[in-house]
Amino acid sequence: MPNTPATYWKLHKVPILMALLGAILYYTFAFQLERTDFIKLLTLFAASFFLCLKLIQFEKWNLKFLLVVGVIFRLIFLITEPNLSQDYYRFIWDGHLVGNFINPYLEVPNDLIAQSDLVIPNAHALYDGMGNLSAKHFSNYPPLNQLLFAIAALLGGKSLMGSVLVMRTMIILADIGILYFGRKLLKNLNQSPHLIFWYFLNPLVIIELTGNLHFEGVMLFFFVWSLYLLSVKKWTLAAIPYALSICVKLVPLLFLPLFLKHLGLKKSIIFYIIIGISCLLMFAPFYSPAFIANYSETVGLWFSNFEFNAGLYNAIKYIAIQFDGKPWELIKTYGKITPIVTILFVLLFTFLRDNQKIPTLITSMMAVLTLYYFMSATVHPWYIIFLVVLGVFTRYKYAVLWSATVVLSYYAYSQADFKENLTLITVEYISVYVFLIYEIFNSKEQFVIFRKN
């Protein structure tokens with residue numbers, strides 16, 4: 001039978017109609033949604049998630065179809081400003097600073113905005129847009145991220161939308177790169193290549209990365225590229241994209257000890273040295289005597305000052321309040337304990353698991369990051385995307401569920417004071433806990449520390 005449009009339509013009519021409906025949903029999300037309208041947001045997200053599941057179910061062997069659909073969904077957001085996040089104002093602000101050789105780790109917007117000779121185009125619009133919380137702190141974005149901001153600011157010039165367009169293009173290209181290397185890695189692991197579409201078509205990924213311009217996708221591109229190189233035994237080359245991943249977002253630092261058993265002592269030391277030198281080279285242009293103190297202080301705020309969509313922390317806070325505990329004191333203490341407990345978990349998974357094989361290594365990474373997010377006082381929705389990527393290469397799919405239920409945390413955006421609904425947060429976490437426990441007890445590859453290859 002000839003492969004004509006009529007034949008293709010006959011064979012793929014239902015998925016095509018689903019894709020068209022998905023495009024309408026994303027158009028509505030991009031152009032007709034106020035983040036204060038929680039019911040509309042929840043409905044659009046839930047419908048988009050359902051279509052994601054069905055598209056993968058119907059067309060999982062049709063790479064070209066799912067690739068085109070995923071790209072079209074992203075292009076719908078191309079010329080819109082993010083409607084769920086204001087972080088992009090700070091991205092453009094930092095980009096103009098770097099482009100004018102001003103160190104964003106040494107100057108806070110609150111001080112710069114008072115200067116009459118400030119060289120930042122649209123400075124007051126960017127300052128007002130980023131909000132008071134961001135404006136009073138030094139930048140916390142690593143150097144490669146800053147370079148990407150600078151490129152966007154340079155190419156965008158005086159146009160905010162121009163800078164947004166450049167950043168969005170970067171993020172879309174990174175997602176396509178994840179699809180490319182993710183499929184190759186899945187083949188090397190003898191897994192079905194279609195699994196990467198649990199990332200590529202995931203509504204949380206499309207909305208939070210392409211839509212809201214979070215650079216987790218760029219970090220994950222370098223991270224997945226590095227894992228692919230490790231899977232083909234090119235571990236020295238793998239160190240370079242791994243360092244680039246760290247220099248977009250710091251999260252991959254958490255996994256470095258796990259490579260000790262995967263590579264062995266001698267190779268892992270060389271691997272760490274290459275990563276260390278690469279990171280130092282990227283941080284070097286920003287170095288000054290005050291840099292380390294300022295950057296450490298800013299990063300430390302995430303442990304001791306901020307709280308959003310927390311799981312275990314909210315439970316502990318609720319109990320503490322019953323005994324007249326003071327929340328502002330609890331977050332300080334809890335923030336000091338969380339890094340220590342996280343490090344202990346990393347060491348346990350480093351020395352008590354045989355991480356020689358890539359699937360076991362990735363499962364250890366997923367376990368460590370999951371435990372960290374369970375304990376963290378701040379879990380923004382886009383953080384879960386890292387778990388979604390890791391889950392693609394393991395037997396565990398609870399991260400896909402979490403990427404669906406995390407939308408409940410958006411309720412806070414509908415409140416003038418950003419007050420969270422703890423009932424919705426509880427539903428989110430209980431759903432994930434229950435499904436995770438189910439997967440642990442029903443998996444052939446147990447999600448435990450003492451697993452041998």
- prompt: With THR378, THR405, THR370 as the choices, which residue is of a type in the set (Val, Ile, Thr) and at pLDDT below 95?
  reply: THR378
field: Count - residues of the stretch 113-169 that are in contact with a helix residue (DSSP H, G or I) (Cβ under 7 Å, 6 or more places away or on another chain), open to solvent by 40 Å² or more (accessible area, probe 1.4 Å) and of a type in the set (Lys, Arg)
entry: 1
task: Report, ordered by the first and then the second residue, all pairs with beta carbons closer than 9 Å, sequence separation of six or more or different chains, a first member in the stretch 329-349 that is within 22 Å of LYS317 (Cα to Cα), and a second member that is among the basic types (Lys, Arg).
output: LEU330/LYS317; ILE331/LYS317; TYR334/LYS317
- prompt: Which of the following residues is outside any helix (DSSP H, G or I) and over 24 Å from the mean Cα position of the chain (by Cα): PRO289, PRO285?
  reply: PRO289
Members of the stretch 334-378 that are among the aromatic types (Phe, Trp, Tyr), within 28 Å of TRP225 (Cα to Cα) and crowded, with 16+ Cβ neighbours inside 10 Å: PHE345, PHE349, TYR372, TYR373, PHE374
statement: When the stretch 204-223 is checked residue by residue, the ones that are of a type in the set (Gly, Ala, Ser) and over 23 Å from ALA243 (Cα atoms) are GLY211
- prompt: Hey, among the residues in the stretch 190-206 that are touching a Leu at 6+ places or on another chain (Cβ under 7 Å) and assigned to a helix (DSSP H, G or I), which one's surrounded by the fewest Cβ atoms within 10 Å (Cβ to Cβ)?
  reply: PRO193
field: Options ILE24, ILE92, ILE39: the member that is closer than 16 Å to TYR141 by Cβ and of a type in the set (A, V, I, L, M)
entry: ILE92
message: For the stretch 189-198: of the residues being of a type in the set (S, T, N, Q) and in contact (Cβ under 8 Å) with a residue 60 or more places away in the chain, which is nearest to LEU227 (Cα to Cα)?
response: GLN191
- request: Have a look at PHE286, PHE306, PHE221, PHE291 and point out the one that is touching a strand residue (DSSP E or B) at 6+ places or on another chain (Cβ under 7 Å) and open to solvent by 10 Å² or more (accessible area, probe 1.4 Å).
  value: PHE306
message: Out of everything in the stretch 248-272 that is free of Cβ contacts under 8 Å to residues at least 60 places away in the same chain, under 26 Å from the mean Cα position of the chain (by Cα) and open to solvent by 40 Å² or more (accessible area, probe 1.4 Å), what residue ends up being nearest to SER376 (Cα to Cα)?
response: LEU253
query: Which one of LEU424, LEU401 is under 20 Å from PHE306 (Cβ atoms), free of Cβ contacts under 8 Å to residues at least 60 places away in the same chain and part of a helix (DSSP H, G or I)?
result: LEU424
message: Filter the stretch 386-398 down to the residues that are over 20 Å from LYS184 (Cβ atoms) and in a helix (DSSP H, G or I) and list them by number.
response: LEU387, TYR398
message: Of everything in the stretch 18-54, what is open to solvent by 60 Å² or more (accessible area, probe 1.4 Å) and in contact with a Phe, Trp or Tyr (Cβ under 7 Å, 6 or more places away or on another chain)? Give them in sequence order.
response: THR36
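The values are calculated or read from the model by the stated rules, or taken from the named source; none is laboratory data. What you are looking at is a predicted structure, and each value in this text was computed from that prediction instead of being measured. In this analysis, Cβ positions are derived from the backbone assuming ideal geometry, glycine residues included, and neighbour counts consider all displayed protein chains. Calculation scope for accessible area: heavy atoms of the full protein, side chains included, ligands and nucleic acids excluded. Shrake-Rupley method; radii C 1.70, N 1.55, O 1.52, S 1.80 Å.
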